[in-house]
Amino acid sequence: MVNANIEGRVIQLVHDLNLELGSIIADDTFVEAFASFIAENFQCDQFTLLAHLQREAQGLEHAISWPAITDAGQMRMLRSLFLENNKLEGENLLGPIFQGKLVRAHSHVLRDTVLGDIANLMPDSDMVLVPLCSGPDVNLIGLLIMEQRPATADDKRLPLDDGLLKILGTTGGAYLAHTLVHTQTVDMFSTSMHEMNILQQIDAELNDTIALDKVFEMLLDWALRFTNASAASMALYEADTDTLTMMLQYGYHQPHVKVGEVIPHQRGGIALRVARSGHAELIRDVQQDPDYVQLSDDIRTQLSTPIFREERVIAVMSLQSNKIAGFDDSHVNFVEKLTRRAGVAVDNARLFEETNRERQKLSLILGGIVDSVIVVDADGHILLVNQSAINAFNLRSESELIGQKLTETIYQADLLRLYQSAIDRDEQVIREIELPNGRTYHVVVSDHSSIGIIIVMHDVTHYKETEQLKNELVATVSHDLKQPLSVMRGYLDLLQMTNKFDERSQRYIGQLFTAFHHMRQLIDDILDLARIEAGIELKLEDVDLNKVLAQTIVAIRPNADEKDIKIMSELPDIPTISADESRIRQVFANLISNAVKYTPYDGWVKIFAEVKPEHVRIVVQDNGLGISPEDQAQIFDRFYRVRRPETDNIEGTGLGLAIVRSLVEAHNGEISLVSRLGEGSSFKVTLPR
Ligand code: ADP
């Protein structure tokens, strides 16, 4: 290997370099091969190679030492070693290497330069520094620091000769540059692939997460994994008080702030600055930053990024590395993408929390009321159900009911019928129903397009029982009154037969007859209602409603004619229904005669019908006095009569509509009213087919 003349040695050296190193493309493999090439070919037993290993960083790092370092302290020092170009250049002694020149010095001289730590590895030796340049325009990409000892006679390797070392520097430099570019390109490509995969995974995981603390935890975890940071923390920022509160931290040996603690202003450091400005910051050497507060020993680089919610900073994520320039632009880029996603996830998490809170509030309110409430969505699934409803239907717990189909949960035919008719008719349906628990409920089922169907049930059992008692009393008294009333009537007839009265007395007798008639009507109505409510047996037959309505109109027409009221009927061919004809006749006689009674002179009454596959609906409409909303609420109650000057002279018992409603319901039908005071009323009777 050792040639007599230098020229021959140079040719041999370049040839060997080419052969051994020219085809290597990975930088770490190159570094190792280069080191063993030097050890094998040069009279040098100890050297260290520094190289520009990171694309972004402007400086040299430790690449390899020969022989390998085994001392733990020295290894730690070498791992965190980073020599910035401008610091190297600033040293008088080292300046020439930037012009591609060799520098020779004794290690104790070098000890006082930025290369002091390296010089200490080779104490008391002559040293030669060989710059590795990437091309002829002297771009320093590496520095070979070699120990020079007097060669022994049998050492056949090359001497550390200026010319040879220069060749080593330029050729080795060119190869190193080549492998660095290759490695960096591969790195960049795999980083962006890796980033894409991670972001996809993050999106999927974030979409599944609705707990705020979990979102923050996940973010920090990903940021740590992607950037290889040695420590990371997340602090919540409260803009109104300008304070940071430590929320999470990983990787600090002895953290100076505890989780959950408010970070004092003077210890806010770079994170507080970022929270205030809303801009991410990458501090390549924290020791140079006046705001830096030491969170833990051996931190060199910090990357702090704000997390926004509705354009306000709500948190700051800080990543730290124990290497100078430990993060590069690709890390900043990734972390910014991450925090943007975090903003959306935080929003979602907060919205979910708020909705949940509202739901709990609603559930508390619903749980506190005595009425039973069930809310069903448009597809028939239970959205809400309160405790009272659970008790009424003897159901399982709320959590098991939510999301179930109402029709598969509550097997209560009357209620399901009401629910169905509210959907079919798209209007509020009100009925009283009795549940198997023996209690009676006043049920209101209404269809709200934005929510669904709301069922509210009010327990009226107690009221029903007292009413029942009252009705029984009234019925008994009425029954008992029938007898003395008949006696009175008999004596009145007798009086008339046996006496000759003057005109005035005749008038008094006439009034007695009217009063008698009214009382008789009242007693008949009361007893009839009592019979119906006790559960009359309907004599069901096929009823021709066209015929019933026509006959009823004929019977009432004389009363209408007296007031010049027109009765108009616009009826289609109504199919027969199964009903008790005399009771159905009673229903329409009541409604049509009411329409005539409560419509002033010259008005009109219209009767029309609607035939649907499942029901027929008869409407009795007038343009009479109309009924105010307050009166409408009680109009079907027994004895309820509207008290207005216009109705003062109209006779009635206030029982007609109560009887009508009971009869319609006995037929499984429904009655409803639409009316406006001063404009008229429409009573709609719906009967199943
Ligand atoms: P009444 O024997 O008093 O007619 P009802 O039960 O039949 O008893 O009616 C109750 C009240 O409802 C009446 O007193 C009247 O004020 C009101 N009403 C009933 N039908 C009509 C109508 N078509 N137009 C206006 N008001 C009516």
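The values are calculated or read from the model by the stated rules, or taken from the named source; none is laboratory data. No experiment lies behind these values; they were computed from the predicted model shown. So basically every Cβ, Gly included, is an ideal-geometry build from the backbone, and we count neighbours across all protein chains shown. SASA here: full protein model, heavy atoms, side chains in, ligands and nucleic acids out. Shrake-Rupley method; radii C 1.70, N 1.55, O 1.52, S 1.80 Å.
Among the residues of the range 599-620, those identified as open to solvent by less than 60 Å² (accessible area, probe 1.4 Å), farther than 15 Å from Thr552 by Cβ and within 12 Å of the ligand (Cβ to nearest atom) are Thr599, Gly603. Applying the selection to the range 639-648, what residues are near the ligand (Cβ under 8 Å from one of its atoms) and either touching a residue at least 24 places away in the same chain (Cβ under 8 Å) or farther than 22 Å from Lys684 by Cβ (or both)? Selection gives Arg644, Thr647. All of (1) in contact with a Pro (Cβ under 7 Å, 6 or more places away or on another chain); (2) farther than 27 Å from Ala57 by Cα hold for Leu140 with one exception: (2). Here Gln632 meets each of (1) within 12 Å of the ligand (Cβ to nearest atom); (2) open to solvent by less than 30 Å² (accessible area, probe 1.4 Å) with one exception, condition (2). Of all the listed residues (Met519, Met497), the sole one being loosely packed, with under 14 Cβ neighbours inside 10 Å and not β-branched (Val, Ile, Thr) is Met497.
Taking the numbered list (1) farther than 30 Å from Arg309 by Cα; (2) surrounded by 13 or more Cβ atoms within 10 Å (Cβ to Cβ); (3) not β-branched (Val, Ile, Thr) in turn, Tyr411 passes all entries but (2).
Which one is surrounded by the fewest Cβ atoms within 10 Å (Cβ to Cβ), of the residues in the range 60-113 that are in contact with a Pro (Cβ under 9 Å, 6 or more places away or on another chain) and in a helix (DSSP H, G or I)?
Taking the range 60-113 as the starting set, the residues that turn out to be in contact with a Pro (Cβ under 9 Å, 6 or more places away or on another chain) are 96-103, 107-108, 111.
When the remaining residues are screened for being in a helix (DSSP H, G or I), the result is 96-99, 107-108.
Values: Pro96: 13, Ile97: 22, Phe98: 15, Gln99: 10, Ser107: 20, His108: 12.
Going through the qualifying residues, I end up with Gln99.
Yes or no: the range 429-440 includes at least one residue that is open to solvent by 80 Å² or more (accessible area, probe 1.4 Å) and free of Cβ contacts under 8 Å to residues at least 24 places away in the same chain. Yes: the range 429-440 contains one or more residues that are open to solvent by 80 Å² or more (accessible area, probe 1.4 Å) and free of Cβ contacts under 8 Å to residues at least 24 places away in the same chain.
Just to be sure, is Leu673 assigned to a helix (DSSP H, G or I) and either touching a residue at least 12 places away in the same chain (Cβ under 8 Å) or assigned by TED's automatic domain parsing to the domain that holds Gln586 (or both)? For Leu673, the condition - assigned to a helix (DSSP H, G or I) and either touching a residue at least 12 places away in the same chain (Cβ under 8 Å) or assigned by TED's automatic domain parsing to the domain that holds Gln586 (or both) - is not met. Is it the case that Ile509 is touching a helix residue (DSSP H, G or I) at 6+ places or on another chain (Cβ under 7 Å), open to solvent by less than 100 Å² (accessible area, probe 1.4 Å), not charged (D, E, K, R) and not in a helix (DSSP H, G or I)? Against the criterion (touching a helix residue (DSSP H, G or I) at 6+ places or on another chain (Cβ under 7 Å), open to solvent by less than 100 Å² (accessible area, probe 1.4 Å), not charged (D, E, K, R) and not in a helix (DSSP H, G or I)), Ile509 does not qualify.
Filtering the range 30-59 to residues that are open to solvent by 70 Å² or more (accessible area, probe 1.4 Å) and part of a helix (DSSP H, G or I) leaves Glu32, Glu40. Taking the conditions (1) surrounded by 13 or more Cβ atoms within 10 Å (Cβ to Cβ); (2) more than 7 Å from the ligand (Cβ to nearest atom) in turn, Glu651 satisfies each one other than (1). Among residues of the range 557-585 that are closer than 13 Å to Thr599 by Cβ, those with a beta-carbon under 6 Å from a residue that is of a type in the set (Phe, Trp, Tyr) and loosely packed, with under 13 Cβ neighbours inside 10 Å at least six positions away or on a different chain give the pairs Lys563/Tyr601; Asp564/Tyr601.
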